[in-house]
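Taking it in order: structure first as structure tokens, then the write-up.
The values are calculated or read from the model by the stated rules, or taken from the named source; none is laboratory data. A quick note: this is a predicted structure, and the numbers were derived from the prediction, not measured. Cβ sites come from the backbone with ideal geometry, for glycine too, and all protein chains shown count toward neighbours.
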Amino acid sequence: MSSADASPSQIVPGGPRHVAIIMDGNGRWATQRGRPRLFGHHAGAKRVREVVEACPDFGVEYLTIFAFSTENWKRTQVEVAGLMSLFRRYISKETRGLSEFGARVRFIGDRVRLDKKLVKLMNELEEATAHNTRVHLTIALNYGGRDEVARATQRLAQDVAAGLLNPDDVDEETLPKYLDTYVLPDPDLVIRTSGEARISNFLLWQSAYAEYEFIDTLWPDFSKEEFGSLCAAYGGRDRRFGAVKT
């Protein structure tokens, strides 16, 4: 069902155009069931497809998900290796489905440390979906907000040193052009599952004026219905961006 075909009750008036999600709670979900943490990550990966396909129903054009942070390398070698294997399998399995659904997929984050086979699959998925416009899915993989700003600042400094940019012209509109997300609008709504109330170094610059929802639901249990409820709640918020209504 496209957003044009969705019933009026599904499209959320004033709902978020761009939703970002910190998908937390996979490990705890698995532990509660007496299973290894990777079991939870596999369950969480399946949930992604459902949320992507729900986006047009609620008028969400952009979805950004936090898959693996720059800090996640601190986890056990077994879990990290399992996650990298999961990412490779997920991309291989979902490329056709995401393309047929009309999702355009982008990856943000530093790819230097990632396995070359994984990077190849990422590049192929981006290329295969480059013509799609139904939903813009961005996957943050080996991503950290501070790392992103540092890399962007390095590129900006290089342009200044090369004489391509005047230091006096640098303002708050300049740096976003060097961020990984330069082609995306800033998120309107950031959701974090699992009951944790922190942003964990996710989209630090871009989320300066985003609305936040911290919910207790563990990511593998997150449903289309809950997603819709959060989008509806966003539509009822009074967003002033620092101003006062007269």
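Scanning the range 13-29 for residues that are in contact with an Asp or Glu (Cβ under 9 Å, 6 or more places away or on another chain) and assigned to a loop (DSSP other than H, G, I, E, B), we see that the one that is modelled with the lowest pLDDT is Gly15. For the range 72-81, filtering for residues that are under 21 Å from Glu148 (Cα atoms) and exposed (fewer than 14 other Cβ atoms within 10 Å of the Cβ) leaves 2.
Among residues that are more than 24 Å from Gly14 (Cα to Cα), touching a strand residue (DSSP E or B) at 6+ places or on another chain (Cβ under 7 Å), touching a residue at least 24 places away in the same chain (Cβ under 8 Å) and of a type in the set (Asp, Glu), Asp147 is not included.
Of the residues in the range 129-138, not one is more than 18 Å from the chain's Cα centre (by Cα), surrounded by fewer than 19 Cβ atoms within 10 Å (Cβ to Cβ) and in a helix (DSSP H, G or I). Hey, does the range 149-160 have a residue that's within 27 Å of Phe58 (Cα to Cα), touching a helix residue (DSSP H, G or I) at 6+ places or on another chain (Cβ under 9 Å) and not hydroxyl-bearing (Ser, Thr, Tyr)? Scanning the range 149-160, I find no residue that is within 27 Å of Phe58 (Cα to Cα), touching a helix residue (DSSP H, G or I) at 6+ places or on another chain (Cβ under 9 Å) and not hydroxyl-bearing (Ser, Thr, Tyr), so the answer is no.
Reported count of residues in the range 216-226, each being assigned to a loop (DSSP other than H, G, I, E, B) and within 17 Å of the chain's Cα centre (by Cα), is 3.
Selection over the range 166-197 of residues that are buried (at least 16 other Cβ atoms within 10 Å of the Cβ) and either at pLDDT below 95 or not small (Gly, Ala, Ser) (or both) gives a count of 14. Taking the numbered list (1) closer than 22 Å to Lys46 by Cβ; (2) touching a residue at least 60 places away in the same chain (Cβ under 8 Å); (3) in contact with a strand residue (DSSP E or B) (Cβ under 8 Å, 6 or more places away or on another chain) in turn, Pro185 passes all entries but (1). Scanning the range 147-165 for residues that are part of a helix (DSSP H, G or I), surrounded by 12 or more Cβ atoms within 10 Å (Cβ to Cβ) and not small (Gly, Ala, Ser) turns up Asp147, Glu148, Val149, Arg151, Thr153, Arg155, Leu156, Gln158, Asp159, Val160. Checking Ser200, Ser229, Ser207 one by one, the residue that is surrounded by fewer than 22 Cβ atoms within 10 Å (Cβ to Cβ), among the polar types (S, T, N, Q), outside any strand (DSSP E or B) and without any contact (Cβ under 8 Å) to a residue 40 or more places away in the chain is Ser229 and no other. Within the bounds of the range 79-95, is there any residue that is touching a helix residue (DSSP H, G or I) at 6+ places or on another chain (Cβ under 6 Å), in a helix (DSSP H, G or I), among the small types (Gly, Ala, Ser) and without any contact (Cβ under 8 Å) to a residue 40 or more places away in the chain? No, every residue in the range 79-95 fails to be touching a helix residue (DSSP H, G or I) at 6+ places or on another chain (Cβ under 6 Å), in a helix (DSSP H, G or I), among the small types (Gly, Ala, Ser) and without any contact (Cβ under 8 Å) to a residue 40 or more places away in the chain.
Report whether or not Val149 is under 16 Å from His18 (Cβ atoms) and modelled with pLDDT of 95 or more. Taking the combined requirement at face value, the residue does not satisfy it.
This table checks each residue for (1) without any contact (Cβ under 8 Å) to a residue 40 or more places away in the chain; (2) basic (Lys, Arg); (3) under 22 Å from Ser85 (Cα atoms); (4) surrounded by fewer than 21 Cβ atoms within 10 Å (Cβ to Cβ).
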residue	(1), (2), (3), (4)
Gly25	no, no, yes, no
Arg28	no, yes, yes, yes
Phe39	yes, no, yes, yes
His42	no, no, yes, yes
Ala45	no, no, yes, no
Phe58	no, no, no, no
Tyr62	no, no, no, no
Phe66	no, no, yes, no
